[in-house]
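Colleague: Have a look at the structure that comes next, please.
The values are calculated or read from the model by the stated rules, or taken from the named source; none is laboratory data. All values derive from a computational prediction rather than experimental measurement. Here the Cβ positions follow ideal geometry from the backbone for every residue, glycine too, while neighbour counts run over all protein chains shown. All accessible areas refer to the heavy atoms of the entire protein, side chains included, with ligands and DNA or RNA removed. Shrake-Rupley method; radii C 1.70, N 1.55, O 1.52, S 1.80 Å.
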Amino acid sequence: FPVENIRNFSIVAHVDHGKSTLADRLLELTGTIDKTENNKQVLDKLQVERERGITVKAQTASLFYNCEGKQYLLNLIDTPGHVDFSYEVSRSLSACQGVLLVVDANEGIQAQTVANFFLAFEAQLSVIPVINKIDLKNADPERVENQIEKVFDIPSDECIKISAKLGTNVESVLQAVIERIPPPKVHRKNPLRALVFDSTFDQYRGVIANVALFDGVVSKGDKIVSAHTQKTYEVNEVGVLNPNEQPTHKLYAGQVGYLIAGMKNVIEAQIGDTLYLHKQPVEPLPGFKSAKPMVFAGMYPVDQSEYNNLKSAIEKLTLNDSSVTVHRDSSLALGAGWRLGFLGLLHMEVFNQRLEQEYNASVILTTPTVPYKAVLSSSKLIKARRAVQKNMIFIDQNRVMLKYLFPLNEIVVDFYDSLKSLSSGYASFDYEDAGYQTAELVKMDILLNGNTVEELVTVVHKDKAHSIGKAICERLKDSLPRQLFEIAIQAAIGSKIIARETVKAYRKNVLAKCYGGDITRKMKLLKRQAEGKKKLRKIGNVEVPKDAFIKVLKTR
Ligand code: GDP
Ligand code: MG
């Protein structure tokens, strides 16, 4: 395939503006899939994507398109829209020369439209604005055109107005891809230089690396080297994604495809790595900034005997999602487990759901926390404000873009939901890391009859300590069984008690229902009670069942 007939592009948009639907139409128009009523987000292959109706994982598809007697190879990379997955977006963009920026004709520019535009702009890609859903009754494509011109400085006559759902005007999107996006700048005569921009793990075939070839050619049987590990592999299979894997003899510079070479684990298949031919070393490609986890949570097997199964499930899933960080951890209450770092809350939920659905694992996920840096000094003099306005831009008469500096902790748990309900669903939200800021944070202990519960020590903002402490005490009260004596549940900062609940004394007599006679029945009940106690942990004189910890520590 001549390089000048190749186009590598991606579709980016705010969530629900119609990326996946547009991808379906493009696949149909190019004959990649048959045209049927059932083509709904065909690139969303994962169960979690189908259930939630969102794209989590970027997918690649190679399309063939005839135009004015020439055949073109269009490599389409569908990307997730939600803020938590912008890491997937920026990775996909490194394999592209252009993007289709899809904007809903009714909703107009939203937070992730802006975020995605700037990702593409910074990567110096051609941006083709596509106004979608013009079939909607409330569609106002002219207003959206003006927004695009105002915010992105793209002339309004460059906007293509379509209905991805009905297929209206979608052909002109393909035309624009050919006319406005340049072919990749590559050199086929140079030695092989391939970027691993994604990888998935297949139980039977090992790592399947998604590669974009910048230079040279790769064929089955070639010996290749990973610039990152310096390990050598033999290529077992190469091919294109159509959107399913379709083996080919070779992959040429300018193409996007997959490669299988007996790589077995996460470390061997680093995303951002450069592959080259054995004995023909090249300068590695720039690679990627590693993803920066923003939200941390503990993950434990429900039963410790499941530890090894869960470990291997996490290893496999992190191979499909390298933005998750994993560190071994252990908790007195929950046993051996891990501390995982995620890009956001939705990312965490999706990871958890994938573990359960794709790997049959049942896990306990603890309440997420955000990273803090502690400075050991006595001058935290500057009063930390919780949110600082940075700027304000009017997109048009009806819409304004506000920039604030927020502590991550404040937005991580329920900010998005509150914003949506306050604005009746009109506001949208995106964030990026602004670095560490000083804040008045305190360490809060939870005490049971005066003894600290190590598992429940948390770091909270001084102003929120009371309400969070109270909530934890209440949850603990509801899940602690009554014991022979009264239990005081307290939240404390240093020696100062800030919240308190009490569990009244109660004598649980397991034999109460036996009328003295049946001795074997008695024995059975006593044995069962003893077994139940094994799962208890003693904190001072208070017995805490594992269940109680789970209820307090779990997210929901
Ligand atoms: P994505 O999150 O950007 O991938 O969006 P999807 O492709 O999943 O589409 C989100 C929703 O918008 C789905 O319910 C689609 O059926 C709907 N949708 C997409 N394109 C159109 C369109 O042109 N017109 C209308 N009316 N609905 C559309
Ligand atoms: Mg989608």
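Colleague: Considering each of Ser305, Ser331 in turn, give the residue that is open to solvent by 70 Å² or more (accessible area, probe 1.4 Å) and more than 19 Å from Arg193 (Cβ to Cβ).
Modeller: Exactly one residue qualifies, and that residue is Ser305.
Colleague: Which ones in region 168-195 are over 30 Å from Val235 (Cα atoms) and either within 30 Å of the chain's Cα centre (by Cα) or open to solvent by less than 30 Å² (accessible area, probe 1.4 Å) (or both)?
Modeller: Result: Val170, Val173, Leu174, Ala176, Val177, Ile178, Ile181.
Colleague: Restricting the first residue to region 129-146 and requiring it to be over 18 Å from Leu101 (Cβ atoms) and near ligand 1 (Cβ under 10 Å from one of its atoms), which pairs with a second residue that is among the β-branched types (Val, Ile, Thr) and at pLDDT 95 or above meet a Cβ separation below 7 Å and a spacing of at least six or different chains?
Modeller: Asp135/Thr168
Colleague: Could you list, ordered by first residue, the pairs with Cβ atoms under 6 Å in which the first is in region 295-314 and among the small types (Gly, Ala, Ser) and the second is part of a loop (DSSP other than H, G, I, E, B) and surrounded by fewer than 22 Cβ atoms within 10 Å (Cβ to Cβ), at least 6 apart or interchain?
Modeller: Once the first residue is among the small types (Gly, Ala, Ser) and sits in region 295-314, its partners that are part of a loop (DSSP other than H, G, I, E, B) and surrounded by fewer than 22 Cβ atoms within 10 Å (Cβ to Cβ) give Ala297/Pro368; Ala313/Ala361.
Colleague: Test Val42 against the criterion of being within 16 Å of ligand 2 (Cβ to nearest atom), on the phi < 0 side of the Ramachandran plot, at pLDDT below 75 and touching a helix residue (DSSP H, G or I) at 6+ places or on another chain (Cβ under 7 Å), and give yes or no.
Modeller: Criteria met by Val42.
Colleague: Okay, next question. Anything in region 135-151 that is within 23 Å of Phe9 (Cα to Cα) and open to solvent by 10 Å² or more (accessible area, probe 1.4 Å)? List them, or say none.
Modeller: Once the filter is applied, which keeps residues that are within 23 Å of Phe9 (Cα to Cα) and open to solvent by 10 Å² or more (accessible area, probe 1.4 Å), region 135-151 yields Glu145, Glu149, Val151.
Colleague: Any idea which residue in region 1-28 is farthest from ligand 2 (Cβ to nearest atom), counting only those that are more than 27 Å from Lys185 (Cβ to Cβ) and open to solvent by 20 Å² or more (accessible area, probe 1.4 Å)?
Modeller: The qualifying residue farthest from ligand 2 (Cβ to nearest atom) is Glu28.
Colleague: Out of Thr168, Thr113, which single residue is of a type in the set (Ser, Thr, Tyr) and touching a Leu at 6+ places or on another chain (Cβ under 8 Å)?
Modeller: Thr113
Colleague: Hey, does region 236-257 have a residue that's modelled with pLDDT of 85 or more and closer than 30 Å to His327 by Cα?
Modeller: No: region 236-257 contains no residue that is modelled with pLDDT of 85 or more and closer than 30 Å to His327 by Cα.
Colleague: Output the residues belonging to region 173-191 that are in contact with a Ser or Thr (Cβ under 6 Å, 6 or more places away or on another chain) and assigned to a helix (DSSP H, G or I).
Modeller: Correct list: Arg180 only.
Colleague: Can you find, within region 296-311, the residue that is farthest from Arg354 (Cα to Cα) among those that are assigned to a strand (DSSP E or B) and among the aliphatic types (A, V, I, L, M)?
Modeller: Of everything passing the filter in region 296-311, Ala297 is farthest from Arg354 (Cα to Cα).
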